[in-house]
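Okay, so here's the structure we're looking at.
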Amino acid sequence: MPRPSSSDTRYLEQNHGKWRVTVAVPRDLQKKLGTRLKRQLQTDSLAIANQLKWQVVSELKAEIEHARRGPDGASIRSESLTREALAMAAQRARAQTFEEVDNLDFAVRERGEDIRGRPVAVEQLPGHDAEPIYDAERVAAAAQFEALAKGEATPVTLHHRQFIEQAGNKSRTQGDDERAIRFLTAWCEANRVSPTLEAISRREAVRFMDDLPTLTQAPLSPVTLKKYLNRLSRYWQWLELRGLVPVDVWARLQLPKPKAKPQEERSFTDEEVGKLLSGDAPQRMHDLMRIGALTGARLDAIVDLKVKDCAAGLFTFKPQKKESKERAVPIHPALSEIVARRIKGKALEDDVFPEWPAPKKAGSQRERSFKASNQFTDYRRSVGVDHVVPGQRRSLVNFHSFRRWFITKAEQADQPESIIAAVVGHKRKGMTLGRYSAGPLVAQARRCVEAVRLPEAGPSYSGEISA
């Protein structure tokens, strides 16, 4: 019969009134791991300890097995110690009395001694007592464990995943968050700065800011670099709110502004739109360009359309950027043939543009329109529509220039600014329109859309271009 939990002490021992798990280390691994692996359970109930111990026993035995298999044992051991130290740090943070903190600190010191292990040699100097010598790696591991368990060395990455999940930002911003923290940890390693929240002072933050332009393989624009500083600041603000750091050390940090202000990206001219619409492009590209030009919609919103989003004479575009909800845009008469052809015989959930499917890789941060954007760029250059400025990475014209062109044409057709803003998804100005108005009627939006006319396309496009 199995032993009752009230008397079963296998793999358990008491330590200052609390139970902990203890697993013997085989003799051939004791130089690497010590004689026993131990993990505090922080409970004085034997019944509860017996419920908790088996998962811990399994982890400690796996650690021993990994150590036996080869070089990766050290990293496995380090990860296990980190998890253990973080668990103790969390319990220390929840402590209600000084006595509890003292008891936990004593347990931390004792665990540190376990990690340090026995002396590997003894140094005898004339006129002095013999001094024990310990394995340097184990001493470093013990010191790191104690600092982490006492909340004195919290890894900068520890709470980062929770911050990203709670922020609820889009994948592109999440990617910026992850790149920013990678730049910071890489900089810490290169500059011998502990990658911990406690070590990142205002002084270190300024040093990182100064070095940031040199940390990337390819030069990044000041705008992009500033974005990484802002994402670190938002993380520190989140930490500060939860009492995990005393202050946001990134607040008000600004990279020097470039001497020459970069030229802003611009709208297509009518001549450039004519070139694009008359060029030798596949059917899918001609359809894509025309929808972009006659709706002012962003590329990803167009590529992501489904059949159900093309009903009742309206496109329903998904929210993007700062939009809070879907946006309906009347379908221009010049687009009726394209829409009818693309939805014919399809189910409501089918894609309007199946030529550009969503990324297959799980967790990909690329937008669905990534390949469509690259293909449009190649085509745009092939027909001689480009605007490259020395010193700037991006052309001043891109697919977004169709959006700018639509807004320009609508304005030149005397359409009200508030109606144009509603059609393209911009925030409408003023409290009356921005907060209290329910938005324009469909008829008003339709007049705005139909006021925009495409330049005459050349003979290359007849609606029958091969795919």
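Every read-out reported here was derived from the displayed coordinates using simple, explicitly stated rules and does not represent laboratory data. In this text, all values refer to a predicted model and were calculated from it rather than measured experimentally. Backbone-built Cβ (ideal geometry, glycine too); neighbour counts: all protein chains shown.
Pair-distance distribution P(r) for region 270-451, from all Cα-Cα distances in 5 Å bins starting at 0: 1, 7, 15, 20, 20, 17, 11, 6, 2, 0 percent.
Between Ala443 and Asp350, the FRET efficiency estimated from the beta carbon spacing at R0 = 30 angstrom works out to 0.50.
The peptide list 332-344, 157-169, 295-307, put in order of mean Cβ contacts within 10 Å with the highest first, becomes 295-307, 332-344, 157-169. Calculated FRET efficiency, Ala312 to Lys61, Cβ-Cβ distance, R0 = 45 Å: about 0.10 to the nearest 0.05. Label zone of Glu100 (point 7 Å out along Cα→Cβ, amide N under 12 Å): in region 38-57 this covers no residue at all. A Förster radius of 25 Å combined with the Cβ-Cβ distance from Ala190 to Arg394 puts the calculated FRET efficiency at roughly 0.30. For Arg36, the residues whose modelled amide H falls within less than 5 Å of its own, excluding neighbours fewer than 5 places apart on the same chain, are Val25.
Karplus-based coupling profile of region 22-39, in residue order and whole Hz: 9, 10, 5, 9, x, 4, 6, 10, 5, 5, 8, 10, x, 6, 9, 9, 10, 9, with θ = phi - 60° in 6.51 cos²θ - 1.76 cosθ + 1.60 and x standing for Gly or Pro. Mean sequence separation of contacting Cα pairs (under 8 Å, at least six apart), scaled by the length of region 270-451, corresponds to a relative contact order of 26 percent.
Taking amide hydrogens as placed 1.01 Å from N in the peptide plane, the amide H of Leu197 sits under 5 Å from those of Thr154, Val156, each at least 5 positions away in sequence or on another chain.
Helices in the chain, meaning DSSP H runs of at least 4 residues, each add -39500 (n - 2.57). Divided by all residues, the mean residue ellipticity at 222 nm is -15000 deg cm²/dmol. Please enumerate, by chain and number, the lysines with C-alpha under 27 Å from the C-alpha of Lys257, excluding those fewer than 8 residues away in the same chain. Filter leaves Lys226, Lys227, Lys321, Lys322.
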